[in-house]
Amino acid sequence: MNKLTMAVSSAVVALSAFPAAAATFSVGGNSITIPNGVHFEVASVYESVLNPALPLATQSLSGLGEITQINGAPTASFCSSNCELTYRFTGYTPTALTASTFTLSGGTYTVFLDFVTAGTALDLNPFASANSAADLAAAINGTAFLNLTGHPDATGATASGFTTSGAFGTPAFSFFAQGNLDVAAGTGIANAAFNTNSIPTSAGPADLAFTNSASTFVVPHPAECTTTPVPTGPECIAGSADIRGVVAVPEPGTLALLGIALAGIAIRRRKQSI
């Protein structure tokens, strides 16, 4: 085996042993690494209330929360320093709303990445904060990580759901919701990596899919939630969510095939020159 062939073969072996695909994003010397086929577990969602007794055009769903786990492990374990991923969503408008079902249009999300000094507590903690205004300030004080917008289905709905107990418009109810999201224009440092169109839907591919379950039973600031004549308030529903998507990074197999192809080209050129 000549030196050129040996060198190319070594390169192919190195490419084949490339580690599992992931994407790393850096902010001010700190970084977070997101694995491909990501599953974000959101253990804290706090949102406003929709009510069928009110005109649809006067209502809008908004809220905030924190991504507490990535693929079953704590979010901070994917960071070079202690970090949190928080988010804010606004602009979901009800297009249909009954006592037991709803559909929404619109919707925008911004996910924020915030690094804190080792030993410093992460700052989004609604059950320990003074009010919902403090929660919002803590949710949006990081670097823009991801900009998203609701992905409409064939009917134009970006999310839909139904109650699992109680009824919308009453003081106590729970619900399940689902929808899809697209990467939107913005300054999010991870936008390009998540813009993969990897989720098939009835109206073309989306970038992320989510499910959400929540209730009015235990909320962080009950004094802000009025129940007469109808429930209102910025954080009068609390629950959890799952968000799934794909990060656009080369797969190990793709890198290995590329290495083999390059090796073949180099060897052929070497033979032709002999």
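The values are calculated or read from the model by the stated rules, or taken from the named source; none is laboratory data. These figures come from a predicted structure and were not determined experimentally. Cβ placement follows ideal geometry from the backbone for every residue including glycine, while neighbour counts extend to all protein chains displayed.
List of remarks:
- Residue check for GLY259: crowded, with 16+ Cβ neighbours inside 10 Å, assigned by TED's automatic domain parsing to the domain that holds SER160, farther than 22 Å from GLY142 by Cβ and at pLDDT below 95: no
- The residues in segment 77-86 that are at pLDDT 95 or above and assigned to a loop (DSSP other than H, G, I, E, B) can be counted, and the count is 0.
- Selection from segment 4-61 of residues that are in contact with a helix residue (DSSP H, G or I) (Cβ under 8 Å, 6 or more places away or on another chain), polar (S, T, N, Q) and modelled with pLDDT of 90 or more: THR33
- Given (1) under 28 Å from PHE145 (Cβ atoms); (2) among the hydroxyl-bearing types (Ser, Thr, Tyr); (3) at pLDDT below 95, number of the condition THR227 does not satisfy: (1)
- In the set (1) out of contact with any helix residue (DSSP H, G or I) (no Cβ under 7 Å at 6 or more places or on another chain); (2) closer than 17 Å to GLU66 by Cβ, PHE102 fails one condition alone, (2).
- All positions within segment 235-244 that are surrounded by fewer than 20 Cβ atoms within 10 Å (Cβ to Cβ) and farther than 20 Å from SER100 by Cα: ASP242, ARG244
- Odd one out for VAL249, checked against (1) modelled with pLDDT of 80 or more; (2) farther than 18 Å from GLU66 by Cα; (3) within 19 Å of the chain's Cα centre (by Cα); (4) of a type outside the set (Asp, Glu): (1)
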